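Chemist: This is the structure I have questions about; it appears just below.
Derivation of every value follows stated rules applied to the coordinates shown; laboratory data play no part. The model shown is predicted, which means the values in this text are computed figures rather than measured ones. FYI the Cβ positions are ideal-geometry reconstructions off the backbone, even for glycines, and counts take in every protein chain you see.
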Amino acid sequence: MFKRIFTRCAVFAAGCAASLAVMAAQPNVVILATGGTIAGAGAEATNSATYQAAKVPVDKLIAGVPELAKVAAVRGEQVFQIASESFTNEHLLALGKRVSALVKQADVDGIVITHGTDTLEETAYFLNLVIKSDKPIVLVGSMRPGTAMSADGMLNLYNAVAAAAAKDARGKGVLVAMNDELNSGRDVSKMINIQTGAFKSPWGPLGMIVEGRNYWFRLPAKRHTVNSEFDIDKIDSLPLVGIAYGHGNVADTAYKALAASGAKAIIHAGTGNGSVAKNVVAGLRELRSQGVQIIRSSHVNAGGFVLRNAEQPDDQYDWVVAHDLNPQKARILATVALTKTGDSKELQRIFWEY
Ligand code: DAS
């Protein structure tokens, strides 16, 4: 009888040791939840677009994907519970500082941020610029709430955690895991606002994630994270930068209103090659003379590309071009860059390098 009890204890102890060994071997991933559709809920399974965002708490998100435990030891923090169109510069700063504190911890191997899809691309680029770590930081959202048929949030979250737990995701900058793709936080944008394949990079994804494994095809070419000159720990406020849309029959009204509201820079979301209507040029030059930075971007959807002195004499007007960054990305870079310099030539260098 003693022999049987001893054998059972030995088996139990071996089981505990094995599970402890697995847990000890598993990477530690922290999920920072901010809200969005991935935390959304609709009334019916047919409601793929009619729902309330930012309802489901992080512990329920984690409980909803038990398979996460197979790829990482996961814990969650509810940083915000908002729809991401309502993100402010203060939200960006608070989230950035939490990420910065966590990546410094030896018991944190990677971070996942669940986020609304509307401004996910902005937050991803912001963190790409200011977090001084090569640990994987992966943003993830969903295009459908978890209550809908063929919801995409569960698999997106599983993929994001698997990527954040993987050593081969280190040093690639901030990543976005949506629809089985791994995109650069710099390049990716929400190109279609109703499909699970909404997120695209004009220059293609960095890789794919299939059944929890990463497959890489290219690396980021621009400066990010550890080789960025910006550091969230040295930023305590972010300047106001506005965006004004270029279109037919445009006037300089919006540009002047943004400047009057205190914008330190205005992103011109221009047509084509960031073109500026001739009856807006004088207004922009006047704002530049008052110290407001003018940054030409393009609102061409699948990827604008603005060249200096192509259709506008940027050297003569002392304007900056946003290179391949769309207006919302250009706003993020200008906001971060202006924490360090107000010199337009320095700003242009930064737009070429980041
Ligand atoms: N309102 C959107 C947001 O929170 C919902 C979503 O698509 O995540 O960004």
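Chemist: Between the alpha-carbon centers of the range 131-181 and the range 323-339, tell me the distance in whole angstrom.
Modeler: Going from one Cα centre to the other spans 23 Å.
Chemist: Tell me, what is the percent relative contact order of the range 263-354, built from C-alpha pairs under 8 Å that lie six or more residues apart? It would help to have the intermediate numbers written out before the result.
Modeler: Details: 148 pairs, mean separation 25.1, N = 92.
Contact order relative to length: 27 percent.
Chemist: On a 0 to 90 degree scale, rounded to 10, what angle separates helix 278-289 from the longest Cα axis of the chain?
Modeler: Tilt relative to the chain: about 80 degrees.
Chemist: Measure up Lys167/Lys264; Lys60/Lys234; Lys135/Lys340; Lys278/Lys345; Lys104/Lys340 against 31 Å on the Cα-Cα distance and list the ones that go over.
Modeler: On the way: Lys167/Lys264 40 Å; Lys60/Lys234 34 Å; Lys135/Lys340 25 Å; Lys278/Lys345 24 Å; Lys104/Lys340 24 Å.
From Lys167/Lys264; Lys60/Lys234; Lys135/Lys340; Lys278/Lys345; Lys104/Lys340, over 31 Å: Lys167/Lys264; Lys60/Lys234.
Chemist: With +1 assigned to the C-beta of every Lys and Arg and -1 to the C-beta of every Asp and Glu, and no other charges, what is the dipole magnitude of the range 121-239 about the Cα centre in debye, to the nearest 20? Could you put the intermediate results ahead of the total?
Modeler: On the way: 14 positive and 13 negative charges, 49 e Å.
The calculation lands at about 240 debye.
Chemist: Here's something else I'd like to know. Quick one: compute the contact order of the chain, relative version, from alpha carbon pairs under 8 angstrom and 6+ residues apart, as a percent.
Modeler: Values: 772 pairs, mean separation 47.1, N = 354.
Relative contact order for the chain comes out at 13 percent.
Chemist: Which angle from 0 to 90°, rounded to the nearest 10, does the C-alpha axis of helix 120-130 make with the longest principal axis of the chain?
Modeler: 90
Chemist: How are the C-alpha pair distances of the chain spread across 20 Å bins, as whole percents from the shortest bin up?
Modeler: Answer for the chain: a P(r) of 30, 51, 16, 3, 1 percent.
Chemist: Using a Gaussian network model of the chain whose springs link C-alpha atoms within less than 10 Å, name the residue from Ala73, Ala302, Ala330 with the highest mean-square fluctuation.
Modeler: In this elastic network of the chain, the residue with the biggest mean-square fluctuation among Ala73, Ala302, Ala330 is Ala302.
Chemist: Add +1 for every Lys or Arg and -1 for every Asp or Glu among the other residues with Cβ under 14 Å from the Cβ of Met191, and state the total. Don't jump to the answer; show the numbers that get you there.
Modeler: On the way: positive: Lys190, Lys200, Lys329; negative: Asp118, Glu121, Glu181, Asp187.
For residues surrounding Met191, the net value is -1.
Chemist: Indicate the gyration tensor shape class of the range 160-232 (rounded, prolate or oblate), computed on the Cα atoms with a ≥ b ≥ c the square roots of the eigenvalues: a/c under 1.5 is rounded; otherwise a/b larger than b/c is prolate and the rest oblate.
Modeler: Details: a/c = 1.89, a/b = 1.22, b/c = 1.55.
Because a/c hits 1.5 or more and a/b fails to exceed b/c, the range 160-232 counts as oblate.
Chemist: So who's got an amide H within less than 5 Å of the one on Gln293, skipping anything under 5 residues away but keeping other chains? H placed 1.01 Å off N, in plane.
Modeler: Ala265, Ile266
Chemist: Could I ask something else about it? Apply the a/c threshold of 1.5 to the C-alpha gyration tensor of the range 173-314 and tell me whether it is rounded, prolate or oblate. Spell out each step's value before the answer.
Modeler: Numbers: a/c = 2.41, a/b = 1.73, b/c = 1.40.
Prolate, since a/c reaches 1.5 and a/b exceeds b/c.
Chemist: Rounded if a/c is under 1.5, else prolate if a/b is larger than b/c, else oblate: which is the range 214-257, with a ≥ b ≥ c the root eigenvalues of its Cα gyration tensor? Can you show the working numbers first?
Modeler: Numbers: a/c = 4.55, a/b = 1.62, b/c = 2.80.
Because a/c hits 1.5 or more and a/b fails to exceed b/c, the range 214-257 counts as oblate.
Chemist: Using only Cα atoms, find the angle between the long axis of helix 327-337 and the longest principal axis of the chain, and express it within 0 to 90 degrees, rounded to the nearest 10.
Modeler: Result, in degrees: 90.
Chemist: Report the Stokes-Einstein translational diffusion coefficient (µm² s⁻¹, integer) for the range 231-331, Rh taken as the Kirkwood radius over Cα pairs, at 20 °C with viscosity 1.002 mPa s. Intermediate values should be presented prior to the final figure.
Modeler: Numbers: Rh = 13.6 Å.
This corresponds to a translational diffusion coefficient of 158 µm²/s.
Chemist: A further question follows. log10 I(q)/I(0), Debye, Cα-only the range 18-116, no solvent, q = 0.21 Å⁻¹?
Modeler: Debye intensities relative to I(0), on a log10 scale: -1.07.
Chemist: Okay, next question. Can you give the calculated 222 nm mean residue ellipticity of the chain, where each DSSP H run of n ≥ 4 adds -39,500 (n - 2.57) and the sum is split over every residue, rounded to the nearest 500 deg cm²/dmol?
Modeler: Details: 11 runs with 117 residues, N = 354.
Roughly -10000 deg cm²/dmol at 222 nm, from the helical runs in the chain.
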